[in-house]
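The values are calculated or read from the model by the stated rules, or taken from the named source; none is laboratory data. Quick caveat, the model's predicted, so the values are computed rather than measured. Don't worry about glycine lacking a Cβ; one is built from the backbone with ideal geometry, like all the others, and counts go over all protein chains shown.
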């Protein structure tokens, strides 16, 4: 056991490991204020996980907000450099309604953003760092990848009306074939086109299996170069990371902001995604930028359950002393027992809710 880690919580250990990982790949730390002008979030509410924002009026009369998101602030405060790359990582508190609750919480969020000239390598590196971020937390993890460019290209090829696209994306994300079929019938798609759209739900699994199926299904419907590019990116991964990846078109993000690859990371023991990300060039276009951007965030608030189960014991040793025990005897015994890195809880009576490995009495 590393004695320098003894005072750190599970989430703090994760943060330090991720910071080292991102810095090792050339990302600089980004620090920001706790609040921004509310107008930034009001204009981009659909980009936020929750549109509930804590606001207050500043001394100059401006309506301000405790930041519910980091990405928007990074883009707002960065330079528009479409020919070069800016790489930043952050670990910041955000303020929003936590998943599964109806109350605001201060949530620690760690992530990175790559802004500027987004090419295949930048996409590959971001996905690789997403995989490594998950592995930092748990070896039992998976990264689900989708591609909105493929879905949009199919919609365009079939002339899907704009009013139906949002509902169609919703049904694909829910894997709801029944409602998807009904909507396709309502807009009078041919049976052949319906089957191709339904295949976006059915085709799911490992890239080496799914991508050839996808190419066969969509040949003659869209330009399959985009599928070959996705295969090239994934093939660049080491085998252990490639094994973490699933292709799953139910991973959907708002097409008003995201345009190509989107992804979510899951860890065994946590019922919801702990990492989300994607390429969001359309957000930058909306903010009058020429740059592209891709990034992801790790949501540490959902790791609480994993943190609780990751430690079998709260403490290695309970040292039980009596009222007659001398202070120096207790101190010396704690020093002796902890010299090899074990954690020691000295007390006269064992707390009812503590889990420990070994019980030692001072007179023993």
Which one of these is touching a residue at least 24 places away in the same chain (Cβ under 8 Å) and over 19 Å from residue 253 (Cα atoms): 133, 173, 146, 182? 133
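Give 159, 139 a once-over and let me know the one that is over 27 Å from residue 228 (Cβ atoms) and surrounded by fewer than 20 Cβ atoms within 10 Å (Cβ to Cβ).
The match here is 139.
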Of the conditions (1) farther than 19 Å from residue 288 by Cα; (2) touching a strand residue (DSSP E or B) at 6+ places or on another chain (Cβ under 9 Å); (3) modelled with pLDDT of 85 or more; (4) surrounded by 13 or more Cβ atoms within 10 Å (Cβ to Cβ), residue 17 fails just one. Which one is it? (2)
Failed item in (1) at pLDDT below 95; (2) under 18 Å from residue 169 (Cα atoms), with residue 220 passing the rest: (2)
Of the numbered conditions (1) touching a residue at least 12 places away in the same chain (Cβ under 8 Å); (2) within 17 Å of residue 281 (Cβ to Cβ); (3) in contact with a strand residue (DSSP E or B) (Cβ under 8 Å, 6 or more places away or on another chain), residue 79 fails exactly one; give the number of that condition. (1)
Is it fair to say residue 192 is part of a helix (DSSP H, G or I), more than 23 Å from the chain's Cα centre (by Cα) and either outside the structural domain of residue 287 (by TED's automatic domain parsing) or closer than 30 Å to residue 45 by Cβ (or both)? yes
Just one of (1) on the phi < 0 side of the Ramachandran plot; (2) buried (at least 21 other Cβ atoms within 10 Å of the Cβ); (3) touching a helix residue (DSSP H, G or I) at 6+ places or on another chain (Cβ under 9 Å) trips up residue 116, so point out which. (1)
Given (1) more than 28 Å from the chain's Cα centre (by Cα); (2) touching a residue at least 24 places away in the same chain (Cβ under 8 Å); (3) at positive phi, identify the lone condition not met by residue 160. (3)
Kindly state which strands (runs of 3 or more DSSP E) lie completely within segment 280-361 and contain at least 3 residues that are closer than 30 Å to residue 142 by Cα and modelled with pLDDT of 85 or more. 292-299
